[in-house]
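Report on the structure given below.
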Amino acid sequence: MTTHATPATEAAPREPASGKKPGRDRYFDLLRALALFRVVLYHLTGWAWLPLVFPSMGVMFALAGNLMARSLKRPPVQVIRGRMRRLLPPLWLLGAVGVTGMVLQGWGPDADGHPGWWLLHLTFWIVPLSDPPYAEGLPGLHGYVGENWAADLAGPLWYIRAYLWYVLLSPLLLKALRAMPVVTLALPIALAVAFERGYLTLPGERIPSALTDFSTFGACWILGMAHQEGILARLPRYIVPSVAPAIALAGLWYALRHGFGPGNDLDSMPLAQALWSFGTVLLLLHVSPSWSEWPRRLRRWAGPVGLLNSRAVTIYLWHNVCILIAATLWDRLWSVTVLEQNVPGLLESPWPVLLLAWVLIGGCVVAFGWVEDLAAKQKPRLWPKSEPRVRVRGSRRRVARGG
């Protein structure tokens, strides 16, 4: 399965729903920002333990499922159209830059002589019902962009495809959840067990890949919906703290039994990932404090958290390339003899590269982030510091980015 990482495709609405206090969204914003930061750190360092400390993928899908259930109080077609409108334009901009670069470096129809299939697959850059194609083995720009940059560009796009399918299936999932909550929550994990044990096999790559992602993170999406529907709140308070750790530990046990470590972490073990993410997310949703305002010790982080949420899609889509460029630029310092001889530890450290990567990500926020505002029908902003204001029925109020 593709290396996992995620953003929130939309920040949570600021208006109360289902009797919940609007301040609870600040907790969700914090979770989303932490998940995004951990994604960048993980893709830079590859530390296998990071997904255990904070399972970003499960968190992000759960928050998105919560938001989707809240939005489905409106007609499903309207909600799905709104989600797609916000999700796809940032992808189109990435594709316009990336595909153009790939073509300029010689990418084109296969040597097999089937240009029709190549052109057909390119449509997945428009509506990613399957993984968008990319060129493998492309040369980079010496000293500035590493080789095979297209793979880094396209690596995170599995999440866009998975998110789109979750959005399309959400009306049916919500109906099933309301009718059979336990069965609906257990279905993705049961599917993960079936894949893991070989009870279910499918030909090809695209369909099995999509179903594997559903079996791995579908339970977290549905869990977010269940939280919004109040299903978790109706459980006795002792149930979640009793059950969730057991589920998470089952996933950890399975991972350790199957060689968990560098190069073989949770991303390589769908069943372990499914269990660990589900158990951890269940605990995080159970805690879910209602913050009417930011706690005092977190107020200093309100600005960065707001920025990360406002530009989550842009940051997610471009962060891999920024990491590649940052690492390539930093590696050039090895040619400086005085640095190589005196501070080799500094040149090997990931922290300067991480800092440089975030500087480049900031540049992408300025250069490309405004597309998220246009997609949300808001005034474009180069560096959003707060939620935009729009006029509604003669008054002004803050806009919810939840569409």
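One line per residue, one yes/no per condition, for (1) assigned to a loop (DSSP other than H, G, I, E, B); (2) hydrophobic (A, V, I, L, M, F, W, C); (3) modelled with pLDDT of 95 or more:
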position	(1), (2), (3)
T6	yes, no, no
E10	yes, no, no
P13	yes, no, no
S18	yes, no, no
A35	no, yes, yes
Y42	no, no, yes
F61	no, yes, yes
(request) Return the residue satisfying two criteria in turn: it lies in segment 131-155 and is of a type outside the set (D, E, K, R) and under 16 Å from the mean Cα position of the chain (by Cα), and of such residues it is farthest from W107 (Cα to Cα). (result) G155
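A quick yes/no check of all residues on (1) of a type in the set (G, A, S); (2) more than 20 Å from S170 (Cβ to Cβ); (3) touching a helix residue (DSSP H, G or I) at 6+ places or on another chain (Cβ under 8 Å):
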position: L200; (1), (2), (3): no, yes, yes
position: G224; (1), (2), (3): yes, no, yes
position: Q228; (1), (2), (3): no, no, yes
position: P245; (1), (2), (3): no, yes, yes
position: L249; (1), (2), (3): no, yes, yes
position: Y254; (1), (2), (3): no, yes, yes
position: W276; (1), (2), (3): no, yes, yes
(request) Sort through W158, W117, W149 and tell me the only one that's farther than 27 Å from G224 by Cβ, surrounded by 15 or more Cβ atoms within 10 Å (Cβ to Cβ) and among the aromatic types (F, W, Y). (result) W149
(message) modelled with pLDDT of 95 or more, surrounded by 12 or more Cβ atoms within 10 Å (Cβ to Cβ) and either part of a helix (DSSP H, G or I) or of a type outside the set (S, T, N, Q) (or both): is that true of L91 in this structure?
(response) yes
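This table checks each residue for (1) at pLDDT below 95; (2) among the β-branched types (V, I, T); (3) out of contact with any helix residue (DSSP H, G or I) (no Cβ under 8 Å at 6 or more places or on another chain).
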{"site": "Q341", "(1), (2), (3)": "yes, no, yes"}
{"site": "W351", "(1), (2), (3)": "no, no, yes"}
{"site": "L354", "(1), (2), (3)": "no, no, no"}
{"site": "W358", "(1), (2), (3)": "no, no, no"}
{"site": "I361", "(1), (2), (3)": "no, yes, no"}
{"site": "V366", "(1), (2), (3)": "no, yes, yes"}
{"site": "W370", "(1), (2), (3)": "no, no, yes"}
{"site": "R389", "(1), (2), (3)": "yes, no, yes"}
(message) Which condition from (1) surrounded by 20 or more Cβ atoms within 10 Å (Cβ to Cβ); (2) part of a loop (DSSP other than H, G, I, E, B); (3) charged (D, E, K, R) is the one that R83 breaks?
(response) (2)
(request) Could you figure out which of (1) surrounded by fewer than 15 Cβ atoms within 10 Å (Cβ to Cβ); (2) on the phi > 0 side of the Ramachandran plot; (3) not aromatic (F, W, Y) isn't true of Q78? (result) (2)
(request) Return the only residue of R393, R332, R311 being at negative phi and at pLDDT below 95. (result) R332
(message) For segment 170-196, which positions are charged (D, E, K, R) and within 22 Å of P270 (Cβ to Cβ)?
(response) E196
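The values are calculated or read from the model by the stated rules, or taken from the named source; none is laboratory data. No experiment lies behind these values; they were computed from the predicted model shown. So basically every Cβ, Gly included, is an ideal-geometry build from the backbone, and we count neighbours across all protein chains shown.
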